[in-house]
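Chemist: First the structure, which I've put down as C-alpha cells, then a few questions once you've had a look.
The values are calculated or read from the model by the stated rules, or taken from the named source; none is laboratory data. Everything numeric here is computed off the predicted structure, so don't read it as measured data. Using ideal geometry, Cβ is built from the backbone for each residue, glycine included, and neighbour counts are taken over all protein chains shown.
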Amino acid sequence: MQWSRIQVEMPSSSAVSDARLGVGESGLDATAEQMHDDFIGSIPHLDEVREEHHAVISELSQAMEAARAVSRELQPLGELLSELGGSMGEREITIPLPTAKPGELVIETMTEDGGELVRLIAPERFGGTIRHFSLTEGDSIVGARWSDGELVLELN
C-alpha cells in the first residue's frame with residue numbers, strides 16, 4: 001500500500017520579496033543555511049549537480065525511512081492528542097506543533113484493514129516530530145491547514 005500526501009494549506013503571506021537582491025520573507029532574520037540555499041538555488045549552471053545531489057539524498061532518505069518505519073509504533077488518536085496537547089471536535093482534529101518550518105509539514109494517509117492510518121512529519125533543523133496514528137473507523141482526512149501554531153485536520 002502507498003501513502004497519499006495531504007496538502008497543508010498555509011495562511012497567505014503579505015511579505016514582499018526583492019528579487020534583485022534575493023531578499024525574501026526572512027530578511028535580516030535569515031540564517032546562513034537559508035542564505036546558502038537561496039544562493040545555490042539561484043545559479044542556473046548548477047541544475048545538473050543539484051539534481052544529482054537530490055537523487056542521492058532521496059535514495060538515502062528512502063532507505064533510512066524504510067528502516068525507521070519498521071521500528072515505529074502506531075498510536076491511537078486519543079493517546080497522540082494527549083501527548084501533544086491536541087483536541088478533537090466533531091469534524092476536526094487540532095494538534096499544536098512547535099515548529100519553525102510549518103511549510104514543510106507532511107501529512108500522509110494510508111488505508112489499511114478498513115481504517116485510515118495517518119503519518120505526521122514536522123521537520124526541524126536537527127530532528128523533528130514523526131508520529132503514526134489511526135483514525136476512528138469510517139473517518140478520513142479531507143483537508144489540512146496551518147493556523148496560529150496548530151495543525152488542523154479536517155475529517156469527512
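Chemist: Can you tell me how many residues within region 6-40 are surrounded by fewer than 12 Cβ atoms within 10 Å (Cβ to Cβ) and modelled with pLDDT of 55 or more?
Modeler: Within region 6-40, residues that are surrounded by fewer than 12 Cβ atoms within 10 Å (Cβ to Cβ) and modelled with pLDDT of 55 or more number 11.
Chemist: Same structure again: Every residue in region 97-137 that is more than 18 Å from residue 81 (Cβ to Cβ), without any contact (Cβ under 8 Å) to a residue 40 or more places away in the chain and touching a strand residue (DSSP E or B) at 6+ places or on another chain (Cβ under 9 Å), please.
Modeler: If the condition is that a residue be more than 18 Å from residue 81 (Cβ to Cβ), without any contact (Cβ under 8 Å) to a residue 40 or more places away in the chain and touching a strand residue (DSSP E or B) at 6+ places or on another chain (Cβ under 9 Å), then 100, 101, 104, 123, 128 are the ones that fit.
Chemist: Which one is surrounded by the fewest Cβ atoms within 10 Å (Cβ to Cβ) among residues in region 87-119 that are among the hydroxyl-bearing types (Ser, Thr, Tyr) and over 20 Å from residue 73 (Cα atoms)?
Modeler: 87
Chemist: Considering only region 135-142, I want to know if a residue exists there that is modelled with pLDDT under 90 and crowded, with 16+ Cβ neighbours inside 10 Å.
Modeler: no
Chemist: Might you check whether a residue that is more than 14 Å from residue 5 (Cβ to Cβ), aliphatic (A, V, I, L, M) and not assigned by TED's automatic domain parsing to the domain that holds residue 61 occurs anywhere in region 102-121?
Modeler: No, region 102-121 contains no residue that is more than 14 Å from residue 5 (Cβ to Cβ), aliphatic (A, V, I, L, M) and not assigned by TED's automatic domain parsing to the domain that holds residue 61.
Chemist: Turning to a different aspect of this structure: Kindly provide the set of residues from region 123-134 that are modelled with pLDDT under 85 and surrounded by 15 or more Cβ atoms within 10 Å (Cβ to Cβ), ordered by number.
Modeler: Listed by number, the residues that qualify are 123, 128, 129, 130.
Chemist: Give the residue, chosen from 144, 122, that is more than 22 Å from residue 73 (Cα to Cα) and of a type in the set (A, V, I, L, M, F, W, C).
Modeler: Going through 144, 122 in turn, the sole match is 144.
Chemist: Restricting attention to region 59-113, report how many residues are part of a helix (DSSP H, G or I), at pLDDT 90 or above and β-branched (Val, Ile, Thr).
Modeler: Residues that pass the stated criteria total 0.
Chemist: Would you point out the residue of region 85-111, among those that are in contact with a helix residue (DSSP H, G or I) (Cβ under 9 Å, 6 or more places away or on another chain) and hydrophobic (A, V, I, L, M, F, W, C), that is nearest to residue 125 (Cα to Cα)? Steps first, please.
Modeler: Applying the first criterion (in contact with a helix residue (DSSP H, G or I) (Cβ under 9 Å, 6 or more places away or on another chain)) to region 85-111 yields 86-88, 93-97.
Checking which are hydrophobic (A, V, I, L, M, F, W, C) leaves us with 88, 93, 95, 97.
Values: 88: 29, 93: 26, 95: 20, 97: 14 Å.
The selected residue is 97.
Chemist: Let me ask something else about it. Just need a number here: residues in region 118-141 that are part of a strand (DSSP E or B) and within 16 Å of the chain's Cα centre (by Cα).
Modeler: Residues meeting the conditions: 15.
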